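Asker: Can you keep this structure in mind? I'll have questions shortly.
The values are calculated or read from the model by the stated rules, or taken from the named source; none is laboratory data. No experiment lies behind these values; they were computed from the predicted model shown. Cβ coordinates were reconstructed from backbone atoms using ideal geometry, including for glycine residues, and neighbour counts include every protein chain displayed. We work out accessible area using only protein heavy atoms, side chains counted, and drop any ligands, DNA or RNA first. Shrake-Rupley method; radii C 1.70, N 1.55, O 1.52, S 1.80 Å.
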Amino acid sequence: MQAEAGIESIERREHGVELTVEITLENKGKTPVTMLTSMYEITGTNLEAPDPEESEYGEIVGDNWGSAARTSPDFGYAAPESIQVGPVGEDFAWIGPDEELHATLVARVPKEKDYSLYRISVDVAVARADRVEVENRTGASRRTMTCEGTNIAQDRRPLTHRSTFDRLTESKRELVTYWVLSGKKEWVSPWWPPFPWNGVSIEHAGHGCDHALSQDDDGLEDEAMVGWTSTVAEAWRPSDEPKGGPTSGTPTRQGR
């Protein structure tokens, strides 16, 4: 599975700034996959004067922050703020080989929050479709709850057994997908807002809601071949003031 995202345009309008974002997911493999959970987030960051006495190189070297990490002797970056967040597509969607899922999104930023730098990030979890099959369910199933001081929205669905032999030999298992909305212990990063973030857990039935938030070594995710794909793209705000109509910024596009 490959994810691509781009900020196609940034336009100044009477109410503020309007961004148009394109997101594409493509199954480049030869095996169908199930999209377990997905999340996109559009954020804004302002430039600020850097402190010459401090260096952020240690933060980049010590942690793997991905392609959004940066430091500059000429510019500092304020903490990013969330503008818009949502799912890329429907959870548990089946995506066949060479099939694409495409979304075009519009986000609006009020005048009082005219950011210097805009970013779109995408995080998607998938698994082999023949190894993860969930029970069909109609209606809303994602529930919001507090789990050991962490507020999450989660969906728990039993996995169906692939054969009679599996039904007789395997324990009951659940697929848990979740978004972490807030909590007492924030994930501190100079380049990402602490919330929200998404995750997935395949686990034996009967665990509490905190089990999905902690890693274990039961090997169920490996057996299902769960994998993640992510992408980040950025664009500077348009520099010209509007004169009778919108002005566009120069976006950048990146996929990995």
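Asker: Tell me which trypsin sites (Lys or Arg not before Pro) from region 69-142 have a DSSP coil assignment and no more than 12 other beta carbons within 10 Å of their own.
Answerer: Details: sites: R70, R108, K111, K113, R119, R128, R131, R137, R142; in loops: R70, K111, K113, R131, R137, R142.
Listed in order of number, the matching sites are K111, K113, R137.
Asker: List the residues, sorted by chain then number, that are 5 or more residues from N151 or on another chain and whose placed amide H is less than 5 Å from its amide H.
Answerer: When sequence neighbours closer than 5 places are left aside, the close amide H contacts are L181, S182, G183.
Asker: Cα convex hull of region 85-133: mean projected area in nm², to one decimal?
Answerer: Numbers: hull surface 19.2 nm².
Quarter of the Cα hull surface area: 4.8 nm².
Asker: What FRET efficiency would be calculated for the residue pair S182, A69, taking the C-beta separation as r and a Förster radius of 35 Å, to the nearest 0.05? Each step should come with its number before you reach the end.
Answerer: Values: r = 24 Å, r/R0 = 0.68.
Approximately 0.90, to the nearest 0.05.
Asker: A further question follows. Kindly sort M225, M39 by accessible area of their heavy atoms, largest first, with the probe set to 1.4 Å. List each step's numbers first, then the result.
Answerer: Values: M225 100, M39 10 Å².
Sorted by accessible area, descending: M225, M39.
Asker: In region 176-228, which chymotrypsin sites (Phe, Trp or Tyr not before Pro) are in a loop and have at most 14 other Cβ atoms within 10 Å, using DSSP for the loop call?
Answerer: Working: sites: Y178, W179, W187, W191, W197, W228; in loops: W187, W191.
In loop regions of region 176-228 (DSSP not H, G, I, E or B), the sparsely surrounded chymotrypsin sites (Phe, Trp or Tyr not before Pro) are W187.
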